[in-house]
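A short write-up of the structure that comes next.
What follows is calculated from the coordinates using simple rules that are stated; it is not laboratory data. Remember, it's a predicted structure, so these values are computed and weren't measured experimentally. Positions of Cβ are generated from backbone atoms using ideal geometry, with glycine treated the same way; all protein chains shown enter the neighbour counts.
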Amino acid sequence: MAGATNSVTAAADPLAELRDIHLPEAVGYWPVAPGWWLLLASVLVLAGLIVWTVRRYRHNAYRRAAAKELDKVYQQYMSDVKAALPRMQATNIYSVLTVY
């Protein structure tokens, strides 16, 4: 009769049949998700582009200095031409060259 009382007790208390909760293992940090690899690759490419741009900018410093100097020379030339143009028109160089 002992077996009959156990079945009656089990039928009366269904919570007694439940097992303990087993928690899953903790999520590790390694290996990282593919998105993190993509972010790392993007950061490395961006850092490489910044380094390349800075080096190129520094390497071309002499060209920028030459362009500034050339612009100064051109501006001086244009101011000289503008100053000489009225004198050339006043002397009327073409009348000197005209043969009668």
Under Karplus coefficients 6.51, -1.76 and 1.60, residue-wise ³J(HN,Hα) of the stretch 54-67 in Hz, glycine/proline x
5, 4, 5, 4, 5, 5, 8, 4, 5, 5, 5, 5, 5, 5
Testing the spin-label approximation: label points 7 Å from Cα along Cα→Cβ at residue 73 and residue 20. State their distance in nm.
9.0
Restricting to Cα atoms and excluding each atom paired with itself, what does the Kirkwood estimate give for the stretch 31-84 in Å?
15.0
May I ask you to list the residues of the stretch 42-57 whose amide nitrogen lies under 12 Å from a point 7 Å from Cα along the Cα→beta-carbon direction of residue 64?
54-57
Phi-based couplings in Hz for the stretch 34-44 (Karplus 6.51, -1.76, 1.60; Gly and Pro marked x):
x, x, 5, 5, 5, 5, 4, 5, 5, 5, 5
